[in-house]
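The values are calculated or read from the model by the stated rules, or taken from the named source; none is laboratory data. All values derive from a computational prediction rather than experimental measurement. A quick note on method: Cβ atoms are made from the backbone with ideal geometry, for glycine too, and the neighbour counts reach across all protein chains shown.
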């Protein structure tokens, strides 16, 4: 600097700050604050991810699989006690443990619900009440009196669903004549004929065939007590049901049922006997290696009853294995209660856990991932099942859901197992590649005519089964769904088949199925959050850009339904009342994770919406790395049968946090 005559240094005098300077400083400060906030969020996410991964690794079975409890509702426990009463194999210790569980699930108004926080449900309440009476609870006990009063207010036993009244008919508490007829001759319907057994979804098919024997036999075991207190008018316990107009489908099928009741009186005995024998053979041929049927409790229960009525005594190897399999559905808890699982989900849980750990950054050759891959490879099914009725030339190659279910591999599990296997660096890559090729070929072969995929069968879309008076509970067909189709599309993209004509048809179907509000319906998870959380990652994997209008609509919907606490939740009631409940409900770990997985796939990693969702997960995590989730976020039958997968609260948050930190399968790595 040069000195001046006044002794100054010649520096310019300080300038007064301008408005633009203030704006620039504020912008810089805001940017620095946002960066700090993002770094804090990322650091919290890293800590939560490490805790969650450690916990998940700690609960892996030594054989390599994971399985969380599969919680449904107390009708499973009530029907188990009714079965044991019918067969005469009651066990006092078991009965008391089951009764304690049932009592613990009763609500203050005396009812039982079918999902956490749901309304009282008539059939569940009736079955629970009867089970407790079998366990020795007195009808004038306060909790029983409240239940009976509520049942009468809802119309009594006469208003219950068909399956509940079948259970009551087994003990003479309901008249067989007042139940829909289900003739065993149904088994002789050719595969092209309406209402043949392959028109039904596999879960319904496995239930209906044994029930044809039960319906034909109409057994009654003397009841140990009356149930007059559950009728609105005990003098008329079986009031007639009004007929729908003959011009309606309901009216047509009601009159068909009346005709079948008449047919029962004139049925040719040799034909009926042969049909029942054919049904018994059909059941036995589909018994799994562990003694169960389809890995599902309800078909197993009815199959045991049907075979027992067909002359198989309880010491017969088939029935011994069947009864032993039912014991494996029981979960004994530390408080001495006993809960019955409707089925078990080790394949599903294992592939989801593997994906979660890999996406969370666990090395691809980690010993526990290798053990999981070995177990999954050994579970691949190499023989035909009922699916081959529609695809007789298609080689097998799928995976089931349960420990043993070779007759009914499912498309959803198969897609997710492939995604899991491809995340593991197996020492025998050729073996993995061969298994993946078989699985991809099978899944492609199971595509329905409309370009989408159902869960178990091809084109299982007949409109008639749901119309039968017998089918008043849950879905009985297996049409394609957005969530299953999305998982197949994501798998095809992962194996480099995204340009395959069949993959493009699946993508087109998904885009056409988007709801007006921007979401997708969730068939096997609750509900629009699950559907959307499945579809957006699949579209991203298939190369659909985040700027695509369908993706933008979905992002806007997810932003709109985010809860004030930063999480997402959706109640089971969205299946009945879409306008009020779609995307609405208390925040849950699994549903928040689905929303985050969708938003991350759409390129929204730096959005405030995502940051708040990640914060909700990190702030609600327990010290042991788990999350609490009493709400039911899984779906068996929309609305009618809800599921709380106890491992969902672990695997999906871990997947979402891992993708937030490291990028998703379809995205570039994130540098925080």
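Some points to look at:
- Test result for residue 102, in contact with a helix residue (DSSP H, G or I) (Cβ under 8 Å, 6 or more places away or on another chain) and touching a residue at least 60 places away in the same chain (Cβ under 8 Å): no
- Within the stretch 112-121, being under 18 Å from residue 167 (Cβ atoms) and touching a helix residue (DSSP H, G or I) at 6+ places or on another chain (Cβ under 6 Å) holds for 112, 114.
Matching residues to (1) touching a residue at least 60 places away in the same chain (Cβ under 8 Å); (2) crowded, with 23+ Cβ neighbours inside 10 Å:
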position: 576; (1), (2): yes, no
position: 585; (1), (2): no, yes
position: 609; (1), (2): no, no
position: 640; (1), (2): yes, no
position: 643; (1), (2): yes, yes
position: 646; (1), (2): yes, no
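- Boolean, residue 656 is touching a residue at least 24 places away in the same chain (Cβ under 8 Å), more than 21 Å from residue 40 (Cα to Cα) and over 19 Å from the mean Cα position of the chain (by Cα): no
- Total residues in the stretch 586-605, condition part of a helix (DSSP H, G or I) and either closer than 19 Å to residue 521 by Cα or touching a strand residue (DSSP E or B) at 6+ places or on another chain (Cβ under 9 Å) (or both): 11
- The criterion of at least 3 residues that are surrounded by fewer than 22 Cβ atoms within 10 Å (Cβ to Cβ) and not assigned by TED's automatic domain parsing to the domain that holds residue 100 is met, among helices (runs of 4 or more DSSP H) falling completely within the stretch 298-381, by 367-378.
- Failed condition for residue 107, given (1) closer than 11 Å to residue 135 by Cβ; (2) touching a strand residue (DSSP E or B) at 6+ places or on another chain (Cβ under 8 Å): (1)
- The single condition among (1) part of a helix (DSSP H, G or I); (2) touching a residue at least 60 places away in the same chain (Cβ under 8 Å) that residue 238 does not meet is (1).
- Condition check for residue 541: out of contact with any strand residue (DSSP E or B) (no Cβ under 8 Å at 6 or more places or on another chain), touching a residue at least 12 places away in the same chain (Cβ under 8 Å) and surrounded by 18 or more Cβ atoms within 10 Å (Cβ to Cβ): yes
- Of all residues in the stretch 444-495, those being part of a loop (DSSP other than H, G, I, E, B), farther than 30 Å from residue 160 by Cβ and touching a residue at least 12 places away in the same chain (Cβ under 8 Å) number 11.
- Once the stretch 73-105 is narrowed to residues that are assigned to a loop (DSSP other than H, G, I, E, B) and crowded, with 21+ Cβ neighbours inside 10 Å, the residue that is farthest from the chain's Cα centre (by Cα) is 74.
Residue-by-condition table, conditions (1) at pLDDT below 95; (2) surrounded by fewer than 20 Cβ atoms within 10 Å (Cβ to Cβ); (3) in the same structural domain as residue 499 (by TED's automatic domain parsing); (4) part of a loop (DSSP other than H, G, I, E, B):
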| residue | (1), (2), (3), (4) |
| --- | --- |
| 517 | no, yes, yes, yes |
| 533 | no, no, yes, no |
| 536 | no, no, yes, no |
| 550 | no, yes, yes, no |
| 558 | no, no, yes, no |
| 615 | no, yes, yes, no |
| 619 | no, yes, yes, no |
| 627 | no, no, yes, yes |
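- Condition met for residue 434 (outside the structural domain of residue 289 (by TED's automatic domain parsing) and not in a loop (DSSP other than H, G, I, E, B)): yes
- Only one of the listed residues (82, 132, 56) is on the phi < 0 side of the Ramachandran plot and free of Cβ contacts under 8 Å to residues at least 40 places away in the same chain. That residue is 132.
- Scanning the stretch 487-505 for residues being buried (at least 24 other Cβ atoms within 10 Å of the Cβ) and farther than 17 Å from residue 598 by Cα gives a total of 1.
- Flag for residue 418 being in contact (Cβ under 8 Å) with a residue 60 or more places away in the chain and on the phi < 0 side of the Ramachandran plot: yes
- Within the stretch 162-182, tally of residues that are assigned to a loop (DSSP other than H, G, I, E, B) and surrounded by 19 or more Cβ atoms within 10 Å (Cβ to Cβ): 8
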